[in-house]
Amino acid sequence: MPFLDLAGFQVYKSYLSSADQQQLATDLRQVVSAAPMFSPSVKTGAQMSVRMSAAGKYGWHSDASGYRYIDHHPNGTAWPDIPDSVLSIWQNLVSTSREPDCCLINFYGEGAKMGLHQDNDEADYSYPVLSISLGDSALFRVGGTQRGGKTQSIWLDSGDVVVMGGDARLAYHGVDRIKFASSRLFNAHGRLNLTLRVVD
């Protein structure tokens with residue numbers, strides 16, 4: 001299956017059809033109904049501009065104690081199962097023998113962004129991180145495995161999928177901004193980014 005290579009990031013443009021995106025949106029509404037979105041804070045106490053939820057064995061949390069995976073929603077309830085519609089993308093592009101432990105769900109509203117960071121809180125880096133974009137377009141920035149240096153950017157649109165493996169598994173990446181109201185997938189606009197990863 002053809003993809004665009006961006007510094008080792010495999011970008012599958014328009015991977016999901018409109019029907020696929022609608023099905024994912026429907027399934028994710030059920031997940032968020034069971035595990036409502038919340039706004040984590042960073043170590044300084046400031047709240048992140050991105051709201052989050054999760055599905056699977058683990059979710060991600062951040063507060064004054066630092067960044068970590070947790071096995072329950074901050075309200076104490078268990079995370080819902082990862083929908084089959086999401087798992088099928090992982091199975092097609094990553095693995096049919098190992099399921100992801102975690103599907104993080106990040107919501108970007110108007111003005112939201114994500115600074116350059118590494119996904120390095122996992123115990124197993126041998127499996128890639130799979131990223132799925134739904135809704136408004138986002139300017140995705142990627143760099144190398146060391147902070148600083150040259151970066152490259154690409155607009156990710158609804159239905160695009162990115163596989164971050166190999167040399168790109170620990171590369172810095174982030175979202176500079178979203179193009180608010182650029183998609184009609186969600187009535188209130190905004191972007192959902194799903195990231196699936198093996199944690200244990």
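Key figures for this structure:
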read-out	value
Odd one out for Arg177 among (1) in a loop (DSSP other than H, G, I, E, B); (2) closer than 30 Å to Ser18 by Cβ; (3) out of contact with any His (no Cβ under 8 Å at 6 or more places or on another chain); (4) of a type in the set (D, E, K, R)	(1)
Test result for Ala181, farther than 24 Å from Pro100 by Cβ and aliphatic (A, V, I, L, M)	yes
His72 being assigned to a loop (DSSP other than H, G, I, E, B), of a type outside the set (Gly, Ala, Ser) and under 25 Å from Tyr127 (Cα atoms)	yes
Options Val31, Val50; residue that is out of contact with any Gly (no Cβ under 8 Å at 6 or more places or on another chain), of a type outside the set (S, T, N, Q), within 25 Å of Arg184 (Cβ to Cβ) and at pLDDT below 95	Val50
Qualifying strands (runs of 3 or more DSSP E) (wholly inside region 92-155; at least 3 residues being under 17 Å from Gly59 (Cβ atoms) and of a type outside the set (Val, Ile, Thr))	102-108
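The values are calculated or read from the model by the stated rules, or taken from the named source; none is laboratory data. Please read these numbers as outputs of a predicted model, since none were measured by experiment. Cβ coordinates were reconstructed from backbone atoms using ideal geometry, including for glycine residues, and neighbour counts include every protein chain displayed.
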